[in-house]
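Visitor: Below: one structure in C-alpha cells.
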Amino acid sequence: MNLKITHFTLNGHSSLPPFSARANDADAANAGSQTKSRRGYAGITSGARDAQRRERLIHAGIERFGAEGYAASTIESLCTAAQVSTRDFYSYFAAKEDLLLSVYDRIIEETLTAVDAAVATAGDDPAAASLAGLHAFAAELVRDERRARINFIEIVGVSARAELRRRRAIRSFVDRIRRFAEPLAAAGVIDGGIITDVRGVGLAGAVHEVLTDWLLGDERPPLDDVVGELAALFVSAMRG
C-alpha cells in the first residue's frame, strides 16, 4: 500500500470576516487539528501508525536479509517490501545495520521464549529436557528458513557491534543451560561441570555449527534426527 499525502488548500474570499471572528475560526481549526493528530487518520493514532510501519520494516528485513542476504539488500528494496518511504526508514533506524540487529533480536527473543516453554514442560529429566529444548530451538528457527539464515549466517562478520550482539545471544543460551543444570547438579543427578562456561559455550557452539551445516547442506537428513544427535551430546556432557 503506497502512502499518499493529500494537500488541502483553502479557497480565497473577496472579503474577510472581522478579525475576532477569524481568530475564533483559527482557534477552532487548531483544536480540530490537535484532535485529529491524537486520533490519527481512519481511527489510527500516529503512534499506532509508527508501530505498524516499524513492524513492516522488521518483516521486510526478515524477507530480504533472509532471502537475498544482508549485503545484497538495499534500503530502497527494504522500503519497497515494507511499503514505506526512505524517510520513514530513517525515522526508525539510523542505518541498515540497525534494522538487521532489530531483526536478529526479534528472532533470538522468540526462539528463546519457545525454548523456555519447552524445557519448562519437560520436567527434570536431562534427556527429555535437552530433547525438548533443542527441538524447540531448531523448530522455531527453521519454520522460516530465512530466519535461520539470518541467525546462523547473515549476522556473522557484519561489524564489531553485530558480533557483540551475537555473543550476547550465545550467552543467553548458555545461561539457560546453566539455570537448568544447577539444581540437577546440586542434587547429584548430573555432573556439575556443565555449569562451567567452557562446557556451556562448547555446547552452544556445537548446536550453531551443526544446524548451520544442516541449513547449507545439499542433502539434509531429517531435522528430528539431527536434533536427537544434539540432545545425546547434551546428555553426555551433563552426565560427565
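Visitor: Which of the residues belonging to the stretch 143-202 are touching a Lys or Arg at 6+ places or on another chain (Cβ under 8 Å) and either more than 28 Å from GLY123 (Cβ to Cβ) or among the aromatic types (Phe, Trp, Tyr) (or both)?
Guide: ILE155, VAL156
Visitor: May I pose another question? What tally of residues in the stretch 62-115 results from selecting those that are under 23 Å from LEU215 (Cβ atoms) and in contact (Cβ under 8 Å) with a residue 60 or more places away in the chain?
Guide: 15
Visitor: Could you name every one of the helices (runs of 4 or more DSSP H) located completely within the stretch 42-102 that has at least 3 residues being under 19 Å from GLY157 (Cβ atoms)?
Guide: 46-67
One line per residue, one yes/no per condition, for (1) at pLDDT 90 or above; (2) within 23 Å of VAL207 (Cβ to Cβ):
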site: TYR92; (1), (2): yes, no
site: LEU101; (1), (2): yes, yes
site: LEU131; (1), (2): no, yes
site: ALA136; (1), (2): yes, yes
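Visitor: Kindly list the number of the only condition in (1) over 20 Å from GLY228 (Cβ atoms); (2) in contact (Cβ under 8 Å) with a residue 24 or more places away in the chain; (3) in a helix (DSSP H, G or I); (4) out of contact with any helix residue (DSSP H, G or I) (no Cβ under 6 Å at 6 or more places or on another chain) that fails for HIS208.
Guide: (1)
Visitor: Still on this structure: Considering the stretch 152-164 alone, what residues qualify as being at pLDDT 95 or above and either buried (at least 18 other Cβ atoms within 10 Å of the Cβ) or acidic (Asp, Glu) (or both)?
Guide: GLU154, ILE155, VAL158, ALA162, GLU163
Visitor: Could you please find all residues in the stretch 116-128 being part of a helix (DSSP H, G or I) and either touching a strand residue (DSSP E or B) at 6+ places or on another chain (Cβ under 6 Å) or touching a residue at least 60 places away in the same chain (Cβ under 8 Å) (or both)?
Guide: Correct list: ASP116, VAL119, PRO126, ALA127.
The values are calculated or read from the model by the stated rules, or taken from the named source; none is laboratory data. Note that the structure is a prediction, hence the values are computed from the model and not measured. Don't worry about glycine lacking a Cβ; one is built from the backbone with ideal geometry, like all the others, and counts go over all protein chains shown.
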